[in-house]
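Following: one structure in structure tokens, then a few remarks.
Since every read-out is calculated from the coordinates, none of them should be taken as a lab result. The shown structure was predicted, so the numbers you read here are calculated from the model rather than taken from an experiment. FYI the Cβ positions are ideal-geometry reconstructions off the backbone, even for glycines, and counts take in every protein chain you see.
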Amino acid sequence: MPFDVHVLGTSSARPTGTRSVSGSIVKCTDGTVVVDAGEGFQERYGAQRKHLKVKAKGVTLKPSDIDALAFTHGHLDHTWGALPWLQTMDLEHRQHPLLILGPTSSDVIDALLEEAPLPEDAPPAELARQWRAWFELGGQFLTFPVRWVLGDPVNDRWIELDPTTFTGVLLDQMPQPQGWKKCSLRAVPTTHSVPSCAWMLGQGSTKGSFDRERAKALNLSTDERTQLAKGHDVQMTDGTALTANSFRLPDRAATSVMISGDTASIAQGFAPELAPTLLVHEATFLEEQHEKAKEHLHSTAKGAVRSAHYLQAEVLALTHYSSRIKSSRHALDEALQEADDLPVVALGDGDRLLVGDGGSVTHLIRNEGGWQEASIVPNR
């Protein structure tokens, strides 16, 4: 299973009685990434881990497997739970390196490189301001290896911050999580009131595996199976030639997951060639508040559909609902009015999305008994 997405909060700026603020976890072949960590993140993370242990044995979310923490932007409902969680991992004697990434502006990058004060027009939610406060509150004393990397996704400029001096070093490119080989992490510029980006995790196509069932049916010897699995043709004693390619299952298609964060519809960095297998997109407002969505650079449910169509996404998952939206079903109903053949689901807290080989997407709805599979079918 290339990707297992855990959505731990589906509310927008403030939590409700049934929804927490933003925070998601994406497991991929190479490791795990946390995307945003709003207030109470570590409690929600702990609750999801416990639920998995009891109701989905064999599925884990180990803190030691988390390779990166990626922020979509600096608003507190996306960041305020990060420092307590980092300090908890430190208390638990974490040793595994952690890459922390976030978007900023080129003006802020220039100031940090020149060891100058941050620009006066840098917004209060600027991640550089927050990280400096975090360093003063103990972030610089974390005992496990941490890389603090800020970037301008629009111009693809990235710097690594020194938490003790609060100065930056220019990087050649955005770094990838340590040890990743099959998967990649990419920042896609979005359109919001502060520097922002979506995060896209991708896994390239992989060669099909050896067809063990066919080899078994032909009663091939261990040596013959080994040769075919290595890509060598085999000549049988009766003169029959077995080609290695005929024992290779179809290649697995490339797959990807994009999580948008806060953004206006069809954000500045969105492009059809991105074509995510799964797009998790904010739907802060219903259409009756489309003017407010436009004013605050957010999306309506229909706006999320327009983003998905433009990106050529295969499946759209809605999240980040305003407290005015009492039920996610309202957002889903509006989205389906414009979806055509695009499959759309409305997420709830604790839901999971599984992206399988070949691009299949499964929506698992969290309940007291564990997770219940919900059908994902195109709107007809």
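Some observations on this one:
- GluC sites (Glu not before Pro) restricted to DSSP loop in the stretch 70-131 with at most 13 other C-beta within 10 Å: E92, E114, E115, E120
- Considering all different alpha carbon pairs of the stretch 245-336, the Kirkwood hydrodynamic radius works out to 13.9 Å.
- Relative frequency of Cα-Cα separations exceeding 27 Å in the stretch 203-361, percent: 43
- Of all the options R324, R352, R44, the one that moves most in a Gaussian network model of the chain with Cα springs shorter than 10 angstrom is R324.
- Simple spin-label estimate for D238 and H330 in nanometres, 7 Å along Cα-Cβ: 7.0
- Multiplying the residue separation of D341 and H309 by 0.36 nm and subtracting their alpha-carbon distance yields 10.5 nm.
- The fewest-to-most ranking of S196, S221 by surrounding Cβ atoms within 10 Å reads S221, S196.
- Computed FRET value (nearest 0.05) for N155 with A217, which takes r as the C-beta separation and R₀ as 45 Å: 0.20
- Between the beta carbons of A271 and T18, assuming R0 = 41 Å, the FRET efficiency works out to 0.70 to the nearest 0.05.
- Stretchable slack from T143 to D357, in nm (0.36 nm times residue separation minus alpha-carbon distance): 73.3 nm
- Helix-only [θ]222 nm of the chain, DSSP H runs n ≥ 4, -39500 (n - 2.57) each, per residue, nearest 500: -6500 deg cm²/dmol
- Rg ratio (alpha-carbon, reference 2.2 N^0.38 Å) - the stretch 105-177: 1.06
- Label positions at K53 and N245, each projected 7 Å from the Cα along the C-beta direction, are separated by 5.1 nm.
- Top of K27, K216, K62 by mean-square fluctuation, Gaussian network on the chain, Cα under 10 Å: K216
- Choice from V21, V54, V257 showing the highest fluctuation, given a GNM over the chain with Cα pairs closer than 10 Å: V54
- Convex hull of the chain built on C-alpha atoms - directionally averaged projected area, nm²: 22.0
- Calculated log₁₀ intensity ratio I(q)/I(0) where the Debye formula runs over C-alpha points of the stretch 163-223, q = 0.21, 0.23 Å⁻¹: -1.04, -1.08
- Where only alpha carbons of the stretch 56-131 are counted, the Rg and the Dmax (Å): 15.6, 52
- Note on the stretch 1-128: Cα Rg divided by 2.2 N^0.38 Å, N the number of residues, gives 1.16.
- Ranked D77, D357, D333, criterion: other C-beta atoms within 10 Å, fewest first: D333, D357, D77
- Annotation: the antiparallel percentage among DSSP beta bridges lying fully within the chain is about 65.
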